[in-house]
Amino acid sequence: MRIAQLSDLHLTADAQPLYGVVDTEGACRAALSRARSMEPVPDLLLLTGDLANDGAAPAYDRLKAALADLQLPYALLPGNHDSRPELRAAFADHAWAGEPLCCLRQDWAEGSLLLLDTTVPGKEWGEIGDAQLNWLQAACPADRPVLLCLHHPPFDIGVPGMDAIRCRNEDRLLAWLGSRPNVEALLCGHVHRLVATTFAGRPALTAPSTAHQIALKPGPLAYTLEAGGFLWHDWQPGRRLLTHYVPAQPAPVHVYED
């Protein structure tokens, strides 16, 4: 199963550049176009939160139209910049569960994806609370491979400003994963950078933003206009997860001569 993971689109209500300089709309279109052009075509587009910068309905409407044009299956979850009510309204065809959380379970022949809503309304950080654990316990199959997807990573990534607003109560998730060996990996967003590590002995990754990236530097939290992109996951359950970084802007391909 091939999954294109896009994250942190930060679409604005009026499609104007974020902070006056970040063309999140154009970056989103470029990333979606690149994902659609991949060979083979992805089986699923996974969008791991911060879809709209201010949770505005027009941003979700434009995203839904863009996704419909691609004619590819997709699944999405909210980030701290999103609005649960607006997201539910725009994507009413999604089988949302765990209300008031916006959680999803998708079953495929290869395994299941659990999309866990870790947002805390009005806060930038996320959490593993009773509601999240209750949904995981009810939704997680016991007899098939699982990928766990969430916006906030439950681990530090080495950028203090982002580590301050990561997912809290990670010890509760660690304990839950201890009884779920069929959960093979964690796929996260939020930090606007590709970071690869392990969590509870599983591969754990954060996706870059399709638009602006968080600067890898000491001092105050800052963003940079480094090229955006997405992650390409080759998931063969029961085998190690393979992940590639794909820049949103394609470049010429040159075949080596014999």
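Restricting attention to the stretch 91-107, which residues are under 18 Å from the mean Cα position of the chain (by Cα), surrounded by 15 or more Cβ atoms within 10 Å (Cβ to Cβ) and outside any strand (DSSP E or B)?
Matches in the stretch 91-107: Phe91, His94, Trp96, Leu101, Cys102.
Do we have any residue at all in the stretch 233-254 that's modelled with pLDDT under 95, under 21 Å from Asp8 (Cα atoms) and either surrounded by fewer than 19 Cβ atoms within 10 Å (Cβ to Cβ) or touching a Cys at 6+ places or on another chain (Cβ under 7 Å) (or both)?
Among the residues of the stretch 233-254, at least one is modelled with pLDDT under 95, under 21 Å from Asp8 (Cα atoms) and either surrounded by fewer than 19 Cβ atoms within 10 Å (Cβ to Cβ) or touching a Cys at 6+ places or on another chain (Cβ under 7 Å) (or both), which makes the answer yes.
Determine the pairs where a residue that is over 22 Å from Glu127 (Cβ atoms) and without any contact (Cβ under 8 Å) to a residue 24 or more places away in the chain, located within the stretch 89-105, has a partner that is aromatic (Phe, Trp, Tyr) and buried (at least 19 other Cβ atoms within 10 Å of the Cβ) with Cβ atoms under 7 Å apart, the partner being 6 or more residues away or on another chain.
none
Test Ala89 against the criterion of being among the small types (Gly, Ala, Ser), touching an Asp or Glu at 6+ places or on another chain (Cβ under 8 Å), modelled with pLDDT of 95 or more and over 18 Å from His233 (Cα atoms), and give yes or no.
no
Being closer than 24 Å to Ala138 by Cα and hydroxyl-bearing (Ser, Thr, Tyr), is that true of even one residue in the stretch 9-22? First the steps, then the outcome.
Residues of the stretch 9-22 closer than 24 Å to Ala138 by Cα: none.
Scanning the stretch 9-22 turns up no residue that is closer than 24 Å to Ala138 by Cα and hydroxyl-bearing (Ser, Thr, Tyr).
Against the conditions (1) touching a Phe, Trp or Tyr at 6+ places or on another chain (Cβ under 9 Å); (2) under 20 Å from Ser33 (Cβ atoms); (3) of a type outside the set (Ser, Thr, Tyr), where does Leu72 fall short? Just the number, please.
Among (1) touching a Phe, Trp or Tyr at 6+ places or on another chain (Cβ under 9 Å); (2) under 20 Å from Ser33 (Cβ atoms); (3) of a type outside the set (Ser, Thr, Tyr), the lone unmet condition for Leu72 is (1).
Quick check on this structure: which one of Leu194, Leu150 is under 18 Å from Asn80 (Cβ atoms), among the aliphatic types (A, V, I, L, M) and touching a strand residue (DSSP E or B) at 6+ places or on another chain (Cβ under 9 Å)? Lay out the reasoning, then the answer.
Values: Leu194 fails: under 18 Å from Asn80 (Cβ atoms).
Step by step, each of Leu194, Leu150 is checked, and only Leu150 is under 18 Å from Asn80 (Cβ atoms), among the aliphatic types (A, V, I, L, M) and touching a strand residue (DSSP E or B) at 6+ places or on another chain (Cβ under 9 Å).
Just checking, how many residues over the stretch 189-205 are in contact (Cβ under 8 Å) with a residue 12 or more places away in the chain, assigned to a strand (DSSP E or B) and out of contact with any helix residue (DSSP H, G or I) (no Cβ under 9 Å at 6 or more places or on another chain)?
Residues meeting the conditions: 6.
Please specify each residue of the stretch 212-248 satisfying the condition of being part of a strand (DSSP E or B), under 26 Å from Glu110 (Cβ atoms) and either in contact with a helix residue (DSSP H, G or I) (Cβ under 7 Å, 6 or more places away or on another chain) or not acidic (Asp, Glu) (or both).
Gly229, Phe230, Leu231, Trp232, His233, Leu242, Thr243, His244, Tyr245, Val246
Which of the residues belonging to the stretch 71-86 are of a type in the set (A, V, I, L, M) and either within 19 Å of Ala139 (Cα to Cα) or modelled with pLDDT under 95 (or both)? Break it down into steps so the answer makes sense when it comes.
Within the stretch 71-86, the first condition is being of a type in the set (A, V, I, L, M), and the residues that meet it are 72, 75-77.
Matches in the stretch 71-86: Ala75, Leu76, Leu77.
Filtering the stretch 128-154 down to residues that are touching a helix residue (DSSP H, G or I) at 6+ places or on another chain (Cβ under 7 Å) and in a loop (DSSP other than H, G, I, E, B), which residue is nearest to Thr118 (Cα to Cα)?
Among residues in the stretch 128-154 that are touching a helix residue (DSSP H, G or I) at 6+ places or on another chain (Cβ under 7 Å) and in a loop (DSSP other than H, G, I, E, B), the one nearest to Thr118 (Cα to Cα) is Ile128.
Residue by residue, here is whether (1) in a helix (DSSP H, G or I); (2) more than 18 Å from Ala90 (Cα to Cα) holds:
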residue	(1), (2)
Gln16	no, yes
Ala30	yes, yes
Arg34	yes, yes
Leu45	no, no
Pro58	yes, no
Ala65	yes, no
Leu72	no, no
Ala75	no, no
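The values are calculated or read from the model by the stated rules, or taken from the named source; none is laboratory data. Bear in mind that the values here come from a model prediction, so they are computed numbers and not experimental data. Backbone-built Cβ (ideal geometry, glycine too); neighbour counts: all protein chains shown.
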